[in-house]
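Inspection log for the structure reproduced underneath, given as structure tokens.
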Amino acid sequence: MNVLVLNAGSSSLKYQLINIETHALLSKGICERVGSDESSHKHGIDDNEVVISIPMKDHNDAMRHVLEALTEGENKAIDSLDEIDAIGHRIVQGGKYFDRSVLIDDFVIEKIDELAELAPLHNKAALMGIEACKRFMPDKPMVAVFDSSYFQTLPPKAFMYPIPYEYYEKYAIRKYGAHGTSHRYIAERAAAYLEEPIEDLKIITCHLGNGCSMTAVDHGVAVDTSMGLTPLDGLMMGTRSGAIDPAIIPFIMEHEGLSTSEINDVLNKKSGLLGISGISNDLRSIRSASEEGDDRAQLAYEMYSNSVKKYLGQYIAVMGGVDVIVLTAGVGENCEKMRRMIFAGLQPLGIVLDHEKNKERKGEREISTKDSRVVILVIPTDEEYMIARDTFEIVHENESSELD
Ligand code: ADP
């Protein structure tokens, strides 16, 4: 079965075509700056990747280009749309309605729309992607895979905020979490790597990329996570502040004369590694600067690693211990120095990094010492595969139940 995985952002459309039986990536690409005059389309795998500048006025236009690129020209992956069996959509916010992936029907579309208030840019974009698919491929089954559904197992003591209860009742303000597909994938892979049932393990998963989040997975169940009502909460990130004293917000607004959208911009786009270093949100540039003696670049490194360290402590306390810590995404998979700083000094907790193994670069790997009580793993994330797998399973189940 070939599954088209779509990830629609407010001005982008990312896609992968995956054969689920062989786990083969048939094609991939991204349309960027959709809706502007400078839109572009990158399509193809590795050496065959081509980038073209092409006007795309909306997600419908982008979808048309994607389907053309998949079926026509030198870089095509399939001969016709008949070879796409199903479509999996990444949806950021599933609210309280969805604790798992679901087949998309009118009810699901209505709820994704209703939840757009909690994730305005993402849910609306996903709806545009869904509409475009309905238009070009009306008969294909579609599945919604929610970033938030993995965290529907959180107990109220973890998902409620200590603010007046009426805001929960009136506006459904609570922790929903994000990156759920990634955390679910690496937690499952960690158990498979160790050849132990996930139900026997206390796992802390760390997704450290441009966006960063951590999750406590206690015996296979997510019990806490660092992102909140929105992906702004929790760890320090590339351009996002993560958790800060909330009183800072009205203070800056008053003193700098900022509107709500301007302060949102400051916290989402100008903070984190970028805000502290003043150089970049990309850790590679910050690393070069810190090696050249830039104090703020070094401070950014120290704050980021300290932020991860503090969440490790929280989640060890929440679960009463930890067996496995898993790292993934751009920083977690690639930055040896950050991993060294995160685990420095944690030996008394039974967490011992192997400095030689920490230098290895590729694939799923163990980077703790043989004697470390806690296993540290690096597992490259694969959210698209997870979306494709959910899509396959749900479509398959649905077809089987229709035959019964
Ligand atoms: P996103 O959250 O946008 O999916 P990624 O998971 O791709 O982001 O992570 C992107 C970040 O990973 C980059 O901003 C960069 O800081 C970091 N990164 C990638 N490769 C390296 C590397 N070799 N060393 C340090 N940092 C890296």
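Side notes on the structure shown:
- Residue among 138, 156, 164 with the largest mean-square fluctuation in a Gaussian network model of the chain, springs linking Cα atoms under 10 Å: 164
- Secondary-structure-derived ellipticity at 222 nm for the chain, considering helices only, amounts to -12000 deg cm²/dmol, per-run term -39500 (n - 2.57) for DSSP H runs with n ≥ 4.
- Among the GluC sites (Glu not before Pro) found in the range 1-97, those both in a DSSP coil and sparsely packed, with 16 or fewer other Cβ atoms within 10 Å of their Cβ, are 21, 38, 49, 72, 74.
- Shown is the FRET efficiency for residue 19 and residue 117, computed with R0 = 25 Å from the Cβ-Cβ distance and rounded to the nearest 0.05: 0.10.
- Across 202/309; 28/134; 42/175; 14/175; 28/359, pairs whose alpha-carbon gap is larger than 25 Å: 42/175; 14/175; 28/359
- Shape call, the range 48-90: gyration tensor on alpha carbons, a/c limit 1.5: oblate
- Fewest-first ranking of 89, 65, 219, using other Cβ atoms within 10 Å as the exposure measure: 219, 65, 89
- Distance between the range 150-202 and the range 303-380 - C-alpha centres, whole angstrom: 20 Å
- Lys/Arg +1, Asp/Glu -1 at C-beta; the chain dipole; positive extreme among 330, 148, 164: 164
- Here the dipole of the range 252-404 is about 1020 debye; that uses its Cα centre as origin and unit charges on the Cβ of Lys and Arg (positive) and Asp and Glu (negative).
- Overall, the chain carries a charge dipole of about 1360 debye about its Cα centre when +1 sits on the Cβ of Lys and Arg and -1 on the Cβ of Asp and Glu, all other atoms neutral.
- Which of 185, 385 has the fewest Cβ neighbours within 10 Å, and the rest in rising order: 385, 185
- Helical segments meeting 15 Å axial Cα length and Kyte-Doolittle -0.5 threshold in the chain (DSSP H): 59-71, 120-136, 180-194, 295-319
- Those trypsin sites (Lys or Arg not before Pro) in the range 31-87 that DSSP places in a loop and that have at most 12 other beta carbons within 10 Å: 57
- Here the extension length gained between residue 36 and residue 314 equals 95.7 nm, from 0.36 nm per residue of separation less the Cα-Cα distance.
- Annotation: amide H of residue 26 within the under-5 Å range of 17, 18, 19, sequence separation 5 or more or interchain, hydrogens built in the peptide plane.
- Residues whose amide H lies under 5 Å from that of residue 367, counting only those 5 or more places away or on a different chain, are 376, 377, 378; hydrogens are built 1.01 Å from N in the peptide plane.
- Cβ-Cβ FRET estimate between residue 270 and residue 403, R0 fixed at 45 Å, reported to 0.05: 0.25
Read-outs throughout are calculated quantities, based only on the coordinates presented, and are distinct from any laboratory measurement. This structure is a prediction, so every number in the text was calculated from the model and none was measured. Using ideal geometry, Cβ is built from the backbone for each residue, glycine included, and neighbour counts are taken over all protein chains shown.
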